[in-house]
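Only one structure is covered here, and it is reproduced in the block below.
The values are calculated or read from the model by the stated rules, or taken from the named source; none is laboratory data. None of these values were measured; they are calculated from a predicted model. No Cβ is skipped: glycine too gets one built from the backbone with ideal geometry, and neighbour counts run over all protein chains shown. Note: accessible area is taken over every heavy atom of the protein model, side chains too, but ligands, DNA and RNA are not part of it. Shrake-Rupley method; radii C 1.70, N 1.55, O 1.52, S 1.80 Å.
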Amino acid sequence: MSEPTSTGRPIMIRKGERLLGNLSWRTVTVWYRDAKVWTKFYKASILGNLGEPLLYLLAMGWGLGRMVGNVDGIPYIQFLAPGLICSTAMYAATFECTFGSFTRMTRQNTYDAILATPVSLEDIVAGEILWGATKGLLSGTAMLLVMALFGLVTSFWSILALVLVFLIGLLFSSLSMIVTARAPSYDFFSYYFTLIIAPMFLFSGIFFPITNLPTWAQTFAWFLPLTHGVSASRALFSGKVGWVIAADLLWLFAFFAIAFTIALRSIRKRLIL
């Protein structure tokens, strides 16, 4: 995809302004604006976010699963599904806060228009991240319903997977906003999807236990945030909830807090005059 490299008109932001201190309830108005626009195209959006993981579930869960048999003592489709709900949230949030946010920031000049109101730049970034997480939650909810129809939801703890996918959405929305802040064009996102998101999808334990990997690869996988999401999701769906899941959630939240702060600084650095 070849696109012009315009980054949009610089926006006047005063140096030295507070970062987190500029956040306010107006974040919700940015979220509401994005949600209202989404309602005009929601059918295509849901189909795009849900279609791929659903095909993976059918092809690998039913097809490959019959050849593989049990993994970690459970049928392969039950092993696979909790990981796919996490990857669904990851992809939904990532697409929204890369291509979607980049378009609003540089092509539609939506940020310029919003900044003409009392809404701060930090409110815009936080609203975008909140909306990206909401997209992850919507996709995760649709995936959970499909899993229920397949008879893959057997533990009441599974409902907490919605909280987990929202947290995953917040994390990957924040990471995506960092990339968006540095992107000169749409082509730049190819690096992010190929070098970061694809390895995350393949080596976070969605398709096989990471204990099957060499020791160095297991260490690499442990540092991937999606690995902790998949681990927590698998614990919830199996009903085997313990202190390990608390550690996974804490790790995800800490990663999100750091990424969120960097995202705020990165967007401010890009748009400051």
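A Förster radius of 25 Å, combined with the Cβ-Cβ distance separating ALA148 from ALA44, puts the computed FRET efficiency at roughly 0.55.
When the alpha carbon gyration tensor of segment 162-273 is reduced to an equivalent ellipsoid, the three semi-axes, largest first, read 28, 17, 11 Å.
Axis angle, to the nearest 10 degrees, between helix 27-38 and the longest C-alpha principal axis of the chain: 70 degrees. For the peptides 186-193, 157-164, 91-98, residues were scored by their other Cβ atoms within 10 Å and the scores averaged per peptide; the highest-first order is 91-98, 157-164, 186-193.
Going by alpha carbons, how many degrees (0 to 90, nearest 10) lie between the helix axis of 225-238 and the longest principal axis of the chain? Its long axis makes an angle of about 50 degrees.
Each listed q (0.20, 0.28 Å⁻¹) maps to a log10 I(q)/I(0) for segment 212-273 from the Debye sum over equal C-alpha point scatterers, namely -0.83, -1.09.
For the chain, a crude dipole built from +1 on the beta carbon of Lys and Arg and -1 on the beta carbon of Asp and Glu, taken about the Cα centre, is about 620 debye to the nearest 20.
Would you please state the base-10 log of I(q)/I(0) at q = 0.11, 0.20 1/Å for segment 31-175, with intensities from the Debye formula using one equal scatterer on every alpha carbon? Here the Debye-derived log intensity ratios amount to -0.47, -1.14. Cross-linked pairs LYS36/LYS135; LYS135/LYS269; LYS36/LYS269: Cα-Cα separations exceed 21 Å for LYS135/LYS269; LYS36/LYS269. Of the listed residues TRP222, TRP243, the order by accessible area with a 1.4 Å probe, largest first, is TRP243, TRP222. Multiplying the residue separation of VAL244 and ILE272 by 0.36 nm and removing their Cα-Cα distance gives an extension gain of 5.9 nm. For the pair PHE220 and LEU23, label points projected 7 Å from Cα toward Cβ lie 3.3 nm apart.
Can you pull the percent of Cα pairs in the chain with separation above 25 Å? Could the numbers behind the result be given before it?
Details: 17060 of 37128 pairs.
That fraction is 46 percent.
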